[in-house]
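Trainee: One structure, pasted below without further comment.
The values are calculated or read from the model by the stated rules, or taken from the named source; none is laboratory data. Please read these numbers as outputs of a predicted model, since none were measured by experiment. Neighbour counts are summed over all protein chains in view; Cβ atoms, including those assigned to glycine, are modelled from backbone coordinates with ideal geometry.
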Amino acid sequence: MKNRRGMAMKFVKPMLVLALLSGCAAQQPKDSAPEEAKLVATQQFLPQQAYDAEGNKLPYEPEVNPYLEQTGTISKGSVLLFIEAKKARKRKDDETAEQKLEVITRQDPDLAGPYVMLGDIRMDNKDYKSAEENYLKAISINDENVNAYLGLGEAQRRLGKYKVAQNTYEKALTVWKDFPEAHLNLAVLYDVYLNLPTKAQAHYEAYLFLTGKQSGKADEWYQEVKSRTGIEKSFIDPGFSKPADDKAEKADDKSA
């Protein structure tokens, strides 16, 4: 089966190191739900195309990722270690990367970023339970770290915790409703693992809308699931309709 995992922004730009490393003290989240967890609503996170009074489409202004807006002071040593860990990951030296990250977690235990990267390493090594634990630790430190939610949902899916993973993606969208990769991963979960094609179609469309993509794998999956649901109507773009007041005025004119 094809891996339909979406990729979030994962520590790829040096200028974002501080933002991605940081982890402000946050309220401890509740324990992750057991697999008996019920599916939660996610349609409220779908972006909606708006129109002006003349029927012209208005540019959609997505919410900013709140994680990247966080500020804080991080020791120079931790920043350098984190950069070294990234470089080690790039050359596929996970052992060195883990060593660097473990040092950071001891020196600066209030940073979420190192735990996210540790989770990514464990995912690559198919140690999904350990990956889940690291992502949960990252979220316990900073509950706005959207990368941690994305990784956590993937780990839970790999562990067969499909409903729990759905809850995790819902939490990610609660933090950032316009998180493209959360919409994509949620769509895949609905499509392939939960057999909810209509919901999958809606979130595939959300991903394509937010990224502006009109081709590629995600579009192929969207077209395929749409062929199964038979739903042609957009979940994102309701189309232009004149305001009710205008219709009422026209009705009044006719009756006058």
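Trainee: Give region 122-140 a look and list any residue that's of a type outside the set (D, E, K, R) and either crowded, with 24+ Cβ neighbours inside 10 Å or touching an Asp or Glu at 6+ places or on another chain (Cβ under 6 Å) (or both), or say none.
Mentor: Those that are of a type outside the set (D, E, K, R) and either crowded, with 24+ Cβ neighbours inside 10 Å or touching an Asp or Glu at 6+ places or on another chain (Cβ under 6 Å) (or both): 131, 134, 135, 138, 139.
Trainee: Turning to a different aspect of this structure: Show the residue pairs meeting these rules: Cβ distance below 7 Å; 6+ apart or different chains; first residue within region 139-155 and within 19 Å of residue 108 (Cα to Cα); second residue in a helix (DSSP H, G or I) and of a type in the set (Gly, Ala, Ser).
Mentor: 139/148; 145/138; 148/138
Trainee: Pick from region 92-111 the residues that are acidic (Asp, Glu) and surrounded by fewer than 20 Cβ atoms within 10 Å (Cβ to Cβ): which of them is modelled with the lowest pLDDT? Steps first, please.
Mentor: So in region 92-111, the residues acidic (Asp, Glu) come out as 93-95, 98, 102, 108, 110.
The next check asks that each one be surrounded by fewer than 20 Cβ atoms within 10 Å (Cβ to Cβ); those that pass are 93-95, 98, 102, 110.
Details: 93: 97, 94: 96, 95: 97, 98: 97, 102: 97, 110: 93.
Here the residue is 110.
Trainee: State the number of residues belonging to region 40-78 that are surrounded by 10 or more Cβ atoms within 10 Å (Cβ to Cβ), among the hydrophobic types (A, V, I, L, M, F, W, C) and over 17 Å from the mean Cα position of the chain (by Cα).
Mentor: So the count comes out to 2.
Trainee: Taking the criterion of being in contact with a strand residue (DSSP E or B) (Cβ under 9 Å, 6 or more places away or on another chain) and part of a loop (DSSP other than H, G, I, E, B), would at least one residue in region 89-98 satisfy it?
Mentor: no
Trainee: Which residues, taken from region 154-179, are closer than 18 Å to residue 43 by Cα and buried (at least 23 other Cβ atoms within 10 Å of the Cβ)?
Mentor: 165, 166, 168, 169, 172, 179
Trainee: Separate question: Please return the ranges of helices (runs of 4 or more DSSP H) entirely within region 177-256 where 3 or more residues are in contact with a His (Cβ under 6 Å, 6 or more places away or on another chain) and at pLDDT 95 or above. Let's see the steps before the verdict.
Mentor: Working: elements: 180-188, 197-211, 217-229, 244-255.
Qualifying helices (runs of 4 or more DSSP H): 180-188, 197-211.
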